[in-house]
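Taken together, the values in this text are just the output of simple stated rules run on the coordinates, not laboratory data. Quantities reported herein were computed from a predicted structural model and do not represent experimental measurements. Because the Cβ atoms are built from the backbone with ideal geometry, glycine has one as well, and the counts that use them run over all protein chains shown.
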There are 2 protein chains.
Amino acid sequence: MTARLDLEYDGGAFAGWARQPGRRTVQGVLEEALAATGRPVALSVAGRTDAGVHARGQVASHPGEPVAAARLNALLPADVRMLRSVPAPEGFDARRDARARLYRYRLLTRPAASPFERGRALHRRRPLDRGALEACAELVRGTHDFTAFTPTQTAHVRFEREVSRAEWAQAGTDVLELWIEADSFMRRMARVLVGTMLEVGSERRSVESFGALLAGRPRSEAGPTAPACGLYLEAVRYDSGEGRSA
Amino acid sequence: MTARLDLEYDGGAFAGWARQPGRRTVQGVLEEALAATGRPVALSVAGRTDAGVHARGQVASHPGEPVAAARLNALLPADVRMLRSVPAPEGFDARRDARARLYRYRLLTRPAASPFERGRALHRRRPLDRGALEACAELVRGTHDFTAFTPTQTAHVRFEREVSRAEWAQAGTDVLELWIEADSFMRRMARVLVGTMLEVGSERRSVESFGALLAGRPRSEAGPTAPACGLYLEAVRYDSGEGRSA
């Protein structure tokens, strides 16, 4: 038997997903809660989020029967919540079986910061060129070599990723969001894409220069990594029959 | 000259709007920031929010020239932000001139709590009867005696208030909101209305019993005060010519 866990967390007080000795991580906190119910397991996860990154639709799995979500929530700190915990098809693995991950990056675009967006969005005081941002999103769609958008020390067999969705959307008066879905993301990829797009949106880089990066240029030619607080793992897509599609 | 201030605050760490010796209040923090710019003033305010209540569209005023919003924000803690600070018509008074206040109450309605709604919404695990909630909102619209919905010790000349808007609206999948506007609100009025409506929505009180309270029944017959964390002062309405209408 295999269990599938759907969960939400505020990444602000976590050193990311992956268990690390002496650090507070989402995996560490969850595996401790599971162990406390008598279920010592190692979790597989769809998106190994970095320190400070949030999740609204993270998916994890472990061998064995699911522990009721309410029971786990009673053992978890308030910044992680189990949305559901259900039996999955035999052999389901949240990481290996994921077909695509959907991320959202939130920008607060107005002169004043907001007490309600502290740690929840990147604050940009100055207006952005929305057309330039959309031109970048359009260039990103499709299959490209994203070497420029992940730290050079990252060891990958291939640097190509297939972006199935990339679009900027207005959310209320003052929030602008990038929605981006790909088969998988390399480390920091979503945040370096945002950081570089913001250079284009504030007229410090041309759309053409952005597009050129997608052909496997080195990391040093791309822009900065946008802060973690604006990034959310929104959903993970699986083939039907492997649980909820998002 | 008169200045009008529009502001936002997360009420979680404040003992309410009104200055109190030895307590951290929004008025206290703002008047200190104004004093630090060399403008010692006493603020008038449209909505004297209670401890823990949030504001997204609070309006205050003071005699004299406005201090630039960016200058005040540099002096204010992150849980209060000045959205704008502008000259108002001679003699403008944020409290006296307000024609109506609009509040919103947010409920998170799903089995699991949310890391992103901590201190921002009241969590209700069990489903609510949406039709019953709407029937209550409909009854509340119009002019009624709200004695049942404010603490008995409150000294008021009149207990009648005119509710110009009251409706429940779905916000996303799991958030249900009451929007309520009245000429003015007595202390705790919005929260006791919500607390009593929630009894109706969970079948612990009839719609008829709710309606009967609107004829000046005593406080003891109404329901509990809903927690402050779900309540937001959204906007204040003024006659045109007295600044932005909301």
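Miscellaneous remarks
- The protein assembly as shown: translational diffusion in µm²/s, Stokes-Einstein, Kirkwood Rh over Cα pairs, 4 °C, 1.567 mPa s: 52
- Degrees between helix A:26-36 axis and first principal axis of chain A (Cα, 0 to 90, nearest 10): 10
- For the range B:148-190, the normalised intensity computed at q = 0.27 Å⁻¹ comes to -0.97 (log10 of I(q)/I(0), Debye sum over alpha carbons, equal scatterers, no solvent).
- Anisotropy class of the range A:100-246 from Cα gyration tensor, a/c 1.5 cut: oblate
- Mean partner shielding of peptide A:116-128, defined as the number of other chain Cβ atoms within 10 Å of each residue Cβ, is 1.
- If you bin all the Cα-Cα distances of the range A:36-163 at 5 Å, starting from zero, the percentages per bin are 2, 7, 11, 16, 17, 14, 12, 11, 6, 3, 0.
- Our helix-only sum for chain A, with -39,500 (n - 2.57) per DSSP H run of n ≥ 4 divided by its residues, gives a mean residue ellipticity at 222 nm of -6000 deg cm²/dmol.
- Within-12-Å neighbourhood charge of residue B:174 [Cβ basis; K, R +1; D, E -1]: +3
- Those GluC sites (Glu not before Pro) in the range B:86-177 that DSSP places in a loop and that have at most 16 other beta carbons within 10 Å: B:90
- Under the combined filter of DSSP loop state and at most 13 neighbouring Cβ atoms within 10 Å, the range A:174-246 retains these trypsin sites (Lys or Arg not before Pro): A:204.
- Rounded tilt (10° steps) of A:189-201 against the dominant C-alpha axis of chain A: 20
- Remark on chain B: hydrodynamic radius 18.8 angstrom, per the Kirkwood mean of 1/r across alpha carbon pairs.
- Summarising the label geometry, the points placed 7 Å from Cα in the beta-carbon direction at residue B:24 and residue A:99 lie 4.9 nm from one another.
- Residue B:35 versus residue A:220: modelled label distance in nm, points set 7 Å from Cα along the beta carbon direction: 5.5
- Whole-number D in µm² s⁻¹ for the range B:2-97, Kirkwood Cα-pair radius fed into Stokes-Einstein, 37 °C, 0.692 mPa s: 252
- Inter-chain neighbour count for B:92-99: the average number of beta-carbon atoms from partner chains within 10 Å of each residue's beta-carbon is 0.
- Computed from Cα atoms, the angle from the helix B:130-140 axis to the main principal axis of chain B rounds to 60 degrees.
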